[in-house]
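The values are calculated or read from the model by the stated rules, or taken from the named source; none is laboratory data. What you see is a predicted model, and the numbers here were worked out from it, not measured in a lab. Glycine also receives a Cβ, built like all others from the backbone with ideal geometry; neighbour counts cover every protein chain displayed.
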Amino acid sequence: MLCSVSKIGRPLRVDQIRKLYPIKSRHYYHGSSAKSLVMSVNGHSSSSIEHTVKRQKLAQDDPLDDVDLSQNNWRSPGPAAFDFRSDVVTSPTASMLTSIAQTTLLDDVFVEDPTTLSLEKRIAELTGHEAALLVMSGTMGNQVSLRTHLLAPPHSVLCDHRAHILSWEAGGVASLCGALVKGVVPKNEHHITLEDVEANAVLSDDVHACPTKVISLENTLGGTVAPLEECRKISQWAKEHGILMHLDGARLWEACAAGAGGLEEYCACFDSVSLCFSKGLGAPIGSMIIGKSSFIKRARWIRKSIGGGTRQAGVVAAPARVALEETFLGGKLAASHENARRIGKLWEFLGGKLALPVETNMVWFNLGEAGIKVKDFVTAAEKLGLRVLGGRLVVHYQIGGEAIEKLDVLMRELLGGKGVDGINGTVDGDPMQTQVTVE
Ligand SMILES: Cc1ncc(COP(=O)(O)O)c(C=O)c1O
């Protein structure tokens, strides 16, 4: 497999690296020894590497002795191929490993690392914003963005009641910004509209009020898409009222891959956007926030204050770059959406109901309506070698054909006898009769 990160450096295949630097033990790939591999591909002689490894061996004989490595070693398909719990489980690929081996290793707190700076520039260009900043996670992206925008209480953030920033970020907006977060239930039960915003934003300067300073949208949310036109309307209204717009775009890639709008078009509606490389795109770590240069300057400061300044950030930026180029721009997401749609259709075909429509890579089985307990669903899936959390299934791009076949069996087992005749999939209209699409 060729690495397509031309801006990072000359592509080297994993087998070429192995040939150049023969791997005598798994130490090269793990823990502190990973640094040895990275050093080796950046000009250090193999004898100095062997010396380093020998020293490490003397100091600590097999530091991974207690680790089960059977699920490891960058094999493909990896464990993610059968894991529907989330797209955060996607495994880094061999070309990501190659890019880590090739990356530059300068200090990003000193703003010196070429690989990191190159990725930030690339993302700023792709999104049409002035600047970008690498952060370690989606949570850090949202929290740094909001803390950068919000200067002093009293202030509040308006978002969907299901938003990640409200329910899944450890109350960070309260502790870091001292802000009230107001969760709004969208009237259409799908996405926040301008009507919802107008009805819930606080514009008053009365001493009793806590004025809305930021509207934070999420796209996709539960795999569903916020329409571009609605984002534009809310953005225009926010501008007129001096309110800033943030987007939790951890999965904005999916909305774009579904054809809902371009990256630049969506990002134009927001003062800041957080994008994740480590979910559907498959990178091991990393997110990026974008905005005006003045926003990014202050965000760099805030990032430092919460311990998010990193030193040799190239090891994060390089595989993130591969994730961007190969998974998103390489067009790998569309096939996973198609698979999600077919899974959703089969569930309905068998008499099940969906809790949310399938618009990107998520399928929401309404287990309660089908009389299926979550724990029974998890156990039945486990028996077939599949991992699920509950009714939400994330059909990321590493889910393979074999997993979809097993899921087909599971759905028929669970919903057998409900809704249709010919449960063995021989009736007309069975969505699984068409070819499974797998990358
Ligand atoms: C929509 C959304 N935003 C932000 C995050 C946070 O990302 P991280 O787990 O990298 O902190 C997640 C995590 O799954 C998410 O689903």
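Could we say that Thr116 is away from the ligand (no atom under 14 Å from the Cβ), surrounded by 17 or more Cβ atoms within 10 Å (Cβ to Cβ) and more than 29 Å from Thr212 (Cα to Cα) here?
So Thr116 passes the test.
Would you confirm whether any residue within the stretch 64-74 is touching a residue at least 40 places away in the same chain (Cβ under 8 Å), assigned to a helix (DSSP H, G or I) and crowded, with 23+ Cβ neighbours inside 10 Å?
no
Here's a check for you: in the stretch 276-296, which residue that is within 22 Å of Gly222 (Cα to Cα) and among the hydrophobic types (A, V, I, L, M, F, W, C) is nearest to the ligand (Cβ to nearest atom)?
For the stretch 276-296, the residue satisfying everything is Cys276.
Taking the stretch 201-240 only, how many residues are at pLDDT below 95 and either basic (Lys, Arg) or surrounded by 16 or more Cβ atoms within 10 Å (Cβ to Cβ) (or both)?
Number of matching residues: 0.
State all residues of the stretch 353-380 that are in contact (Cβ under 8 Å) with a residue 24 or more places away in the chain and more than 23 Å from Ala335 (Cα to Cα); if no residue qualifies, say none.
So in the stretch 353-380, the residues in contact (Cβ under 8 Å) with a residue 24 or more places away in the chain come out as 355-367, 370, 372, 377, 380.
Residues satisfying the conditions are Asn366, Leu367, Ala370, Ile372, Phe377, Ala380.
Using beta carbons and a limit of 7 Å, which pairs, at least six apart or on different chains, have the first residue in the stretch 250-261 and away from the ligand (no atom under 12 Å from the Cβ) and the second one charged (D, E, K, R)?
Pairs that qualify, where the first residue is away from the ligand (no atom under 12 Å from the Cβ) and the partner is charged (D, E, K, R), are Ala258/Glu359.
Considering only residues that are within 16 Å of the ligand (Cβ to nearest atom) and in contact with a Pro (Cβ under 7 Å, 6 or more places away or on another chain), which ones fall in the stretch 123-161?
Across the stretch 123-161, the qualifying residue is only Asp160.
Please enumerate the residues belonging to the stretch 333-359 that are in a helix (DSSP H, G or I), farther than 17 Å from Gly222 by Cβ and of a type in the set (A, V, I, L, M, F, W, C).
Ala334, Ala335, Leu346, Phe349
Output the qualifying pairs, or none if there are none: Cβ atoms under 9 angstrom, residues six or more apart or on different chains, first residue in the stretch 276-288 and free of Cβ contacts under 8 Å to residues at least 40 places away in the same chain, second residue buried (at least 24 other Cβ atoms within 10 Å of the Cβ) and assigned to a loop (DSSP other than H, G, I, E, B).
From the stretch 276-288, no pairs qualify.
Quick one: how many residues across the stretch 341-352 are in contact (Cβ under 8 Å) with a residue 60 or more places away in the chain and either under 17 Å from Ala381 (Cα atoms) or of a type outside the set (Lys, Arg) (or both)?
7
Can you name the condition, by its number, that Ser91 falls short on among (1) out of contact with any helix residue (DSSP H, G or I) (no Cβ under 6 Å at 6 or more places or on another chain); (2) in a loop (DSSP other than H, G, I, E, B); (3) closer than 30 Å to Lys383 by Cα?
Unmet condition: (1).
Need the failing condition index for Ala94 against (1) at pLDDT 95 or above; (2) under 22 Å from Gly330 (Cα atoms), just the number.
Here Ala94 clears every test but (1).
Which number in (1) closer than 30 Å to Leu386 by Cβ; (2) surrounded by 20 or more Cβ atoms within 10 Å (Cβ to Cβ) marks the one condition that Ser99 misses?
(1)
Output the number of residues of the stretch 168-201 satisfying the condition of being of a type in the set (A, V, I, L, M) and more than 13 Å from Pro153 (Cβ to Cβ).
Number satisfying all stated conditions: 8.
Out of the helices (runs of 4 or more DSSP H) lying entirely within the stretch 177-290, which hold 1 or more residues that are out of contact with any Gly (no Cβ under 8 Å at 6 or more places or on another chain) and closer than 20 Å to Ser167 by Cβ?
Ranges flagged: 194-200, 252-257.
Being in a helix (DSSP H, G or I) and either in contact with a Phe, Trp or Tyr (Cβ under 7 Å, 6 or more places away or on another chain) or more than 23 Å from Thr104 (Cα to Cα) (or both) is the filter here; which residues of the stretch 302-317 pass it?
Ile302, Ser305
With the condition kept exactly as written, say whether any residue in the stretch 365-382 is modelled with pLDDT of 95 or more, of a type outside the set (Val, Ile, Thr) and touching an Asp or Glu at 6+ places or on another chain (Cβ under 8 Å).
There is at least one residue in the stretch 365-382 that is modelled with pLDDT of 95 or more, of a type outside the set (Val, Ile, Thr) and touching an Asp or Glu at 6+ places or on another chain (Cβ under 8 Å).
Here's a check for you: in the stretch 163-184, which residue that is within 19 Å of Asn200 (Cβ to Cβ) and loosely packed, with under 15 Cβ neighbours inside 10 Å is nearest to the ligand (Cβ to nearest atom)?
My answer is Ser167.
Identify, from the list Gly308, Gly331, the residue that is at pLDDT 95 or above, at positive phi and either surrounded by fewer than 23 Cβ atoms within 10 Å (Cβ to Cβ) or hydroxyl-bearing (Ser, Thr, Tyr) (or both).
Of the residues listed, the single one that is at pLDDT 95 or above, at positive phi and either surrounded by fewer than 23 Cβ atoms within 10 Å (Cβ to Cβ) or hydroxyl-bearing (Ser, Thr, Tyr) (or both) is Gly331.
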